[in-house]
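The values are calculated or read from the model by the stated rules, or taken from the named source; none is laboratory data. Predicted model only: the values in this text are computed from it and were never measured. Methodologically, a virtual Cβ is constructed for each residue, glycine included, from the backbone with ideal geometry; neighbour enumeration extends over all protein chains shown.
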Amino acid sequence: MNISYNWLKQYINIDLPAEETGKILTSIGLEVGGVEKVQTIKGGLEGLVIGEVLTCAKHENSDHLHVTTVNIGSGEPLQVVCGAPNVAAGQKVVFATIGTVLYAGEESFTIKRSKIRGVESFGMICAEDEIGMGTSHAGIIVLPEDAPVGMPAKEYYSIEDDYLIEVDITPNRIDAASHFGVARDLAAYFSFRNPEIKLNKPAVDSFNVQKTNLCIPVSV
């Protein structure tokens, strides 16, 4: 059985490395076969930030490229050559800084300082498919005007890394065949080691019954 560590922490207020939590589970009878880090999006949007296109002009040596300057919230604005047809000054965009690794399936490439038709470029303004947030390559991602410049794209899109904890459940431990069941066992472990770590029961407020006079006919 695979347990999501992020999901597990909704039921118990622990802040331990996933590997250490796995060792504790094994010690209390829920043997862990492995702990694997997983990403919602490959690469986790590391190195990507929200930028603002300050200027946009046609490239002198191309009929489809543009030379832009982009503010990424730190240092001087960066000059970037962009081939997207929809790029324009004033846009909030997703920007890949130099050194960022982007993925296309199993392949990857690293953003480097480059020279495109004689003009230096210091990064890349990204399309959906280039960062794994969609499949469109028709143009760059244009974000709402209130997108905060300099914010990591990982934070903007609420992308979180997670860990899958593989628990080898034995037939006599069906009580632990759920995230809440595993959290309950951890809470018992910590009850006399760290009383501040407690079990958080799932909220059931949204299941309140509003009407009790509804009749449901049943035929047998």
Leading residue by the ranking (surrounded by the most Cβ atoms within 10 Å (Cβ to Cβ)) among those in segment 80-95 that are of a type in the set (A, V, I, L, M, F, W, C) and in a strand (DSSP E or B): F95
Among (1) touching a residue at least 60 places away in the same chain (Cβ under 8 Å); (2) in the same structural domain as E31 (by TED's automatic domain parsing), the one test that D175 misses: (1)
Looking only at segment 6-35, and only at residues there that are farther than 25 Å from Y156 by Cα and of a type in the set (D, E), the one that is surrounded by the fewest Cβ atoms within 10 Å (Cβ to Cβ): E20
Filter result for S158 (farther than 30 Å from S27 by Cβ and of a type in the set (S, T, N, Q)): yes
Selected residue (only one of E120, E166 is in contact with a strand residue (DSSP E or B) (Cβ under 8 Å, 6 or more places away or on another chain), farther than 30 Å from G33 by Cα and among the acidic types (D, E)): E120
Residue count for segment 123-139, restricted to those that are surrounded by 18 or more Cβ atoms within 10 Å (Cβ to Cβ) and either farther than 27 Å from S74 by Cβ or not hydrophobic (A, V, I, L, M, F, W, C) (or both): 3
Within segment 172-197, considering residues that are of a type outside the set (S, T, N, Q) and exposed (fewer than 13 other Cβ atoms within 10 Å of the Cβ), the one farthest from the chain's Cα centre (by Cα): F192
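Each row is one residue, and each column tells you yes or no for (1) at pLDDT below 90; (2) closer than 18 Å to V70 by Cα; (3) in a strand (DSSP E or B); (4) hydroxyl-bearing (S, T, Y).
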site	(1), (2), (3), (4)
E120	no, yes, yes, no
G134	yes, no, no, no
P148	no, yes, no, no
I165	no, no, yes, no
F192	yes, no, no, no
A203	yes, no, no, no
N213	yes, no, no, no
